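For reference, the structure discussed in these notes is given below.
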Amino acid sequence: PFATVYTKALAYCEHRRAILIMDPSSTWVRPALAVAAARNGDYPKHKNAVIYWPRVRLPDPLKENRLESFAPGGLLAGIIARTDAQRGIWKAPAGTDSSMLGVRELGYMMTDGENGQLNPLGVNCLRTFPVIGRVVWGARTTAGADQLASEWKYLPVRRLALYIEESLYRGTQWAVFEPNDAP
C-alpha cells in the first residue's frame with residue numbers, strides 16, 4: 001500500500017507540476033536504517049519527490065503538550081513556503097535560514113559523518129548545531145542521489161523549472177482558440 005500511495009501521488013504531482021514531500025518510515029530510527037532503505041529502493045526515486053529525516057519532536061496539544069514524535073513533512077512544507085515568500089523558489093529551503101521553529105528536538109542527533117552517508121543518497125537531513133539550532137541541512141530530490149546523476153538533483157532547480165513550465169502554460173492559454181493563420 002505504501003508504494004501504491006506514493007506512485008499515485010507522484011503521478012498526480014508530475015501532472016500538476018508539483019513536488020511530493022514524502023515522510024520517512026517510522027522504523028528509520030538510526031542512519032543505517034535510512035541508508036538501507038535508500039539503497040533497497042524502499043521509496044521512489046523521482047525528480048518530483050523529496051524526503052527528510054529524522055522525525056521531529058514537538059509539543060502535542062492533544063496530549064497536554066507532551067513531546068511527541070511527528071513525521072517532518074508538514075513542517076518542511078511550511079519551511080519551503082517561508083523560503084519562497086522571503087527569498088523565492090530558486091533558494092534552497094536549507095541552511096542557516098531554514099530554522100525549525102517550535103521543534104524541541106529531533107528524533108536522532110546526527111553527526112557530520114552520518115549526514116555524509118545520507119545526503120549523497122538523496123535523503124535530506126535535519127540537524128542540530130550548537131549556535132544555529134535546528135535546521136534543514138539538505139535540498140535534494142530523491143532522484144538527487146549522486147549515483148543517479150540526475151539533472152534534477154537539487155530541489156530548487158527542479159522547482160524553478162516547474163515554475164517556468166507552469167508560468168508558460170498559464171501565460172499562453174489566452175491564445176489557445178485564437179486563429180492560427182496568416183492575418
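Where a number appears in this text, it was derived from the coordinates with a stated rule and is not lab data. Since the structure is predicted, the reported quantities are computational estimates derived from the model, not experimental observations. Virtual Cβ from ideal backbone geometry, glycine too; neighbours counted across all protein chains shown.
Pairs spanning more than 26 Å between alpha-carbon atoms, out of 8/91; 8/63; 91/153: 8/91; 8/63.
Between the beta carbons of residue 86 and residue 8, assuming R0 = 45 Å, the FRET efficiency works out to 0.90 to the nearest 0.05. Measuring r between the beta carbons of residue 149 and residue 15 and using R0 = 22 Å, the FRET efficiency lands at 0.30. Computed 3J(HN,Hα) for region 35-43, one whole-Hz value per residue from the Karplus formula 6.51 cos²θ - 1.76 cosθ + 1.60 where θ = phi - 60°, is 4, 4, 4, 5, 6, 7, x, 6, 9, glycine and proline marked x. Put simply, when 119-127, 80-88, 172-180 are sorted by average Cβ atoms within 10 angstrom per residue, most first, you get 119-127, 80-88, 172-180.
Scanning residues 5 or more positions from residue 49 or on other chains, those with amide H under 5 Å from its amide H are 20, 142, 143, with H placed 1.01 Å from N in the peptide plane. Specify the angular offset, from 0 to 90 degrees and rounded to the nearest 10, of the alpha carbon long axis of helix 155-171 from the longest principal axis of the alpha carbons in the chain. Computed tilt is about 30 degrees. The slack between residue 63 and residue 101, meaning 0.36 nm per residue of separation minus the straight C-alpha distance, is 11.7 nm. Looking at the square roots a ≥ b ≥ c of the eigenvalues of the Cα gyration tensor of region 1-98, which shape do they give, rounded for a/c under 1.5, prolate if a/b is larger than b/c, or oblate? Oblate, because a/c is 1.5 or more while a/b does not exceed b/c.
In the chain, helices alone account for a calculated mean residue ellipticity at 222 nm of -11000 deg cm²/dmol, with every DSSP H run of four or more residues adding -39,500 (n - 2.57). For the chain, with a Gaussian network of springs between Cα atoms less than 10 Å apart, report the residue from 22, 109, 100 with the top mean-square fluctuation. So, out of 22, 109, 100, the one fluctuating most is 109.
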